Every structure is written in C-alpha cells, then in structure tokens.
C-alpha cells in the first residue's frame, strides 16, 4: 500500500526503504503477516512483540546506514532506552545519535505503536488469524471482540482529543482495554482470562459444581 494511504506503518516502510528488509521472507509485509498469524509453522507473535520487532528493524536500518554498531544487543538496549520511561537516559541517547548524524527525535517519532500495527495488519493487509482451537467457544470470541471494539473506539476518541490539544500525545498512546470480573460477594476482581483459565472468579465464594446425576 502506498505511503499516502494514511497508514503510519506504510509511511515508515516507504520513508526508510524497509519493504524488502525481512531477513526471512524478503517482503516486510509478508513477514509481518506470517509472524502475526503463525504461518509456516512459526510461533504467533502478538501486536506488542511484533511492533517491537518492526521498530527494531527500523532502528537497525538507520544505524547501519550511519555506520553505527547494529548488533542485536545494541539495538535491544537502545530501543528500550528510546521507548522507556527514563527521560534522562532517552535524551542522552538522542544527543549521542545527533552527534553522529542520526536524527534521534525524528527516529523516535517515526516508531509505531501497537495500535497502529494492529490497524496495519487487520485493515491494510487484510490479515486474519485462524482460531487457535478447532472448536472455538463463541463466548470467548465475543469477549475478545468486545475488547477490540472498546480499544478502537478509545483510539478514535484519543486521536480527536489530541487534535484538539486536550491530551498531548493521545494519538500515539497505547490502549489496552481489560475485561474485569468482580465477585458479587466481596471486592475480589480478576481479569477475564484469569477467571477462564482457573474456572472461577473468587475462590472463597465459588459456587459448587452442579451434579451430573439425573434427578
């Protein structure tokens, strides 16, 4: 897809010439889809891990072009610094990059968020994941769909608030909606996935399993 599509992933791929930089698949988009869906018997990658993989490919590309060491250990370390919460370390690294001709601030701004990666995979590339189990439960799919809808609506609202100047950086914020289940008898609250895995919301107030014997 062309860079004028409005997709930041496409824009970054075009700007930095990343289209053919996938070390396995050649085509970066093909590689993104295969890693996300688990194609070719690969282990599936989630949005966040795939976003980090993409941004590190970007970082490696820029470092290589400017003659800066681009071993995986350096890339991993610098990426964590650029995307981390330590403002002082990030500013110092950006200054060091500027000193060798790398526009660190621009590079950081060009890195994509996991929400942007999700949109690229689902909408731009029309990616679809096969159910992890042959017989999926519609209940779990419904909860997952509801979570996705909430995240996308929140993403749209934050983008609008950012344009109005109400939330600085809101359009680049990472959104992670959580479905929490609360015990009706006490303050216990747990994520839906945790409750599903262990089979109950609250251990203390869990209901006895119904008898399998006919009355």
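The values are calculated or read from the model by the stated rules, or taken from the named source; none is laboratory data. Worth saying up front: this structure is predicted, and the values here are computed from it rather than measured. Here the Cβ is made from the backbone with ideal geometry for all residues, glycine too, and neighbour counts use every protein chain on show.
Of everything in the range 22-46, what is within 20 Å of the chain's Cα centre (by Cα) and at pLDDT below 90? Give them in sequence order.
22, 37, 38, 39, 42, 43, 44, 45, 46
Report yes if some residue within the range 124-139 is in contact with a helix residue (DSSP H, G or I) (Cβ under 6 Å, 6 or more places away or on another chain), at pLDDT 80 or above and closer than 25 Å to residue 33 by Cβ; otherwise report no.
Step one: of the range 124-139, the residues in contact with a helix residue (DSSP H, G or I) (Cβ under 6 Å, 6 or more places away or on another chain) are 125, 127, 129.
So of that shortlist, the ones also at pLDDT 80 or above come out as 125, 127.
In the following step, the residues that additionally are closer than 25 Å to residue 33 by Cβ were identified as 125, 127.
Looking for residues that are in contact with a helix residue (DSSP H, G or I) (Cβ under 6 Å, 6 or more places away or on another chain), at pLDDT 80 or above and closer than 25 Å to residue 33 by Cβ, one finds at least one in the range 124-139, hence yes.
Among the residues of the range 7-34, count how many are part of a helix (DSSP H, G or I) and closer than 23 Å to residue 159 by Cβ.
The first filter runs over the range 7-34 and keeps only residues part of a helix (DSSP H, G or I), leaving 8-16, 28-34.
Checking which are closer than 23 Å to residue 159 by Cβ leaves us with 8-15, 32.
Going through the range 7-34 one residue at a time, the tally reaches 9.
For the range 35-55, give me each residue that is exposed (fewer than 14 other Cβ atoms within 10 Å of the Cβ) and outside any helix (DSSP H, G or I).
Within the range 35-55, 42, 43, 46 meet the criteria.
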